[in-house]
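Trainee: Pasting a structure here, questions to come.
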Amino acid sequence: MITIRVDNKKLTVKEGTNLLKACLDNDIYIPNLCYVEKMSHPPASCRLCFVEIEGEKHPIPACTVKVTREIVVKTDSPGVRQLQKVALQLLLSVHHLDCRNCEANRKCALQKIAKFLNVGLKSKHLDHFLKEMEIDQRHPFLNYYPNRCVLCGRCIHVCRDRNKQAQLTFANRGFDTVISFFIKPGAPPLQCDACRACIEACPVAAILPKISN
Amino acid sequence: MLPELTAEEKSILDDVKTDLAEISKERSKLIPILQFIQSKINYLPQVAINLVADHLDISPSEVYGVATFYNQFRFNPPGRNPVKVCMGTACHVRGGDIILENFERKLEIKEGETTPDREFSVERVACVGCCALAPVAIMGETVHGHMQPSKVEGLVLRVRIEKEKQEREKQKNEPGK
Ligand code: SF4
Ligand code: SF4
Ligand code: FES
Ligand code: FES
């Protein structure tokens, strides 16, 4: 066991514990979107879970830190908050904001993080870009909403975890990046309808079952 | 949506299958294999994605995800008259996107796609080096400068009329033979 200090709170954790998880488990909230428990290589792609660690020059994404020594962590320094706000605003600048008609309303990670960081959901000083396609309905069981997706990759991760091979993938690049899939024509029907891991893992409502029940 | 495979393409793909057997099954071979297939058949048809996935024992989605990341891979066969619309800075400023949109509307396909009869394909390219003529489109080997919507109409029409003429002549000649 190792004792670390987070915002003046003492936590005793097992060696090798993920720092983000250690904090979350001890009621110290750090905004995060892309981390899934037990990930062996967190992608650290959402850039939200930054913390400052004493002795380190720059803020570090907490999801990439394994606790191996006694460290002193700050989760709420002005520098950290600034990074988080910008990351969130960038996400919102490519997000179709329509909470009232969105299935995620009230249980949405974006709403929660925006509230926590005291950032408005409407992006003001950034240009707003949306993708042309509002819903991708090609999948037999799922509908995908590119303009809601935060590209955290959780859906791909949990799909691979549960089904050995991921049936979902990132496709394209840059602003055009989306979650996509490729189904063998004539292949046996996918197990998606019974699995639904991606739907449960999505922090917004970017993947939904075709028939909601 | 996708044009169907031609008999020739099918036989090329059969050869590809044999060739694949010689290539090891490491994940690192994914991109070289995709390049190999595209060099043989000029694009990556859906069956090719599956072939590669089966060979490397990964999901077709994963192959597709990697392939779409790179501009060098295309998923539609090049048309007999490939249209390239310049989106370089000069052409962009002079309304290149309007020209692209006109081609897309006229041909009823999107950028990156091919008409079902394989007569046309449309793609966007970066500066082709004759900015003074902006906006520029290239059809086949011919550069068309100072493009306008009416010119788009004209170009497409000319190809279609030419094709009709050829077909009529073929019909005329065939029964006589
Ligand atoms: S995903 Fe969240 S922020 Fe976006 S529209 Fe839905 S509820 Fe609102
Ligand atoms: S669909 Fe949902 S889980 Fe998947 S990348 Fe988008 S936001 Fe993340
Ligand atoms: S949760 Fe750490 S970067 Fe996304
Ligand atoms: S930008 Fe189109 S030719 Fe240079």
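Trainee: Under the Kirkwood approximation for Rh and a Cα-based Rg, what ratio Rg/Rh is obtained for segment B:81-173?
Mentor: Computed over Cα atoms, the ratio is 1.03.
Trainee: Using DSSP to define loop residues, name the chymotrypsin sites (Phe, Trp or Tyr not before Pro) in segment A:1-83 whose beta-carbon has at most 16 other beta-carbon atoms within 10 Å.
Mentor: Sites meeting the loop and neighbour criteria: A:TYR29.
Trainee: Let me ask you something else. Have a look at B:MET139, A:LEU88, A:VAL150 and report the one farthest towards the positive end of the charge dipole of the protein assembly as shown, computed about the Cα centre with Cβ charges (Lys/Arg +1, Asp/Glu -1).
Mentor: Result: A:LEU88.
Trainee: Explain nothing, just compute: Karplus ³J(HN,Hα) = 6.51 cos²θ - 1.76 cosθ + 1.60, θ = phi - 60°, for every residue of segment B:62-71 in order, whole Hz, x for Gly and Pro.
Mentor: After applying 6.51 cos²θ - 1.76 cosθ + 1.60, I find 5, 4, 4, x, 5, 5, 6, 5, 9, 5 Hz.
Trainee: A further question on this structure: Return the long-range amide H neighbours of B:VAL122 (sequence gap of 5 or more, or a different chain), with a cut-off of under 5 Å between placed amide H atoms.
Mentor: B:VAL83, B:GLY112, B:GLU113
Trainee: Another one. Estimate the FRET efficiency between A:ARG173 and A:ARG100 by the formula 1/(1 + (r/R0)^6), using the beta-carbon distance for r and 30 Å for R0, to the nearest 0.05.
Mentor: So, using R0 = 30 Å, E works out to roughly 0.40.
Trainee: Within 10 Å of each residue's Cβ, count the other Cβ atoms and sort B:ARG74, A:ARG162, A:ARG106 from fewest upward.
Mentor: A:ARG106, A:ARG162, B:ARG74
Trainee: If packing is taken as the average count of other Cβ atoms within 10 Å, what order do B:130-138, B:18-26, A:147-155 fall into, highest mean first?
Mentor: By packing density, highest mean first, the sequence is A:147-155, B:130-138, B:18-26.
Trainee: What is the Cα centroid distance between segment A:162-197 and segment B:120-155, reported in whole angstrom?
Mentor: 37
Trainee: For segment A:114-164, what ratio Rg/Rh do Cα atoms give with a Kirkwood hydrodynamic radius?
Mentor: 1.08
Trainee: So, R0 is 25 Å and r is the distance between the beta-carbons of A:CYS195 and B:ASP54; what FRET efficiency does that work out to, to 0.05?
Mentor: 0.70
Trainee: Rounded to the nearest Å, what's the spacing between the alpha carbon centres of segment B:1-79 and segment A:49-87? Just the number, please.
Mentor: Here the answer is 43 Å between Cα centres.
Trainee: Give, in nm to one decimal, the length gained when the segment between A:GLN165 and A:GLU54 is fully stretched (0.36 nm per residue of separation minus the Cα-Cα distance).
Mentor: Stretched fully, the A:GLN165-A:GLU54 segment lengthens by 36.0 nm.
Trainee: Figure the gain on full extension for A:ARG69 and A:THR12 (residue separation times 0.36 nm, minus the Cα-Cα span) and round it to one decimal in nm.
Mentor: 19.4 nm
Trainee: Now, a different point. Which residue, B:PHE69, B:PHE36, B:PHE120, tops the fluctuation ranking in a GNM of chain B built on C-alpha contacts under 10 Å?
Mentor: Its mean-square fluctuation being the largest, the pick is B:PHE69.
Trainee: Restricting to Cα atoms and excluding each atom paired with itself, what does the Kirkwood estimate give for the protein assembly as shown in Å?
Mentor: 24.6
Trainee: How many partner chain Cβ atoms sit within 10 Å of a residue's Cβ in peptide A:163-169, on average, as a whole number?
Mentor: Rounded to a whole number, the mean comes out at 5.
Trainee: Within segment A:1-109, list the GluC sites (Glu not before Pro) lying in a DSSP loop whose Cβ has at most 12 other Cβ atoms in a 10 Å radius.
Mentor: In loop regions of segment A:1-109 (DSSP not H, G, I, E or B), the sparsely surrounded GluC sites (Glu not before Pro) are A:GLU15, A:GLU37, A:GLU54, A:GLU56, A:GLU70.
Trainee: If the elastic network links every pair of Cα atoms under 10 Å, which of A:LYS115, A:LYS184, A:LYS66 fluctuates the most in the Gaussian network model of chain A?
Mentor: So, out of A:LYS115, A:LYS184, A:LYS66, the one fluctuating most is A:LYS184.
We did not get these values from a lab; they are worked out from the coordinates using the rules stated. Here the structure is a predicted model, which means the values were calculated and not measured. Ideal geometry is used to build each Cβ from the backbone, glycine not excepted, and the neighbour counts take in all protein chains shown.
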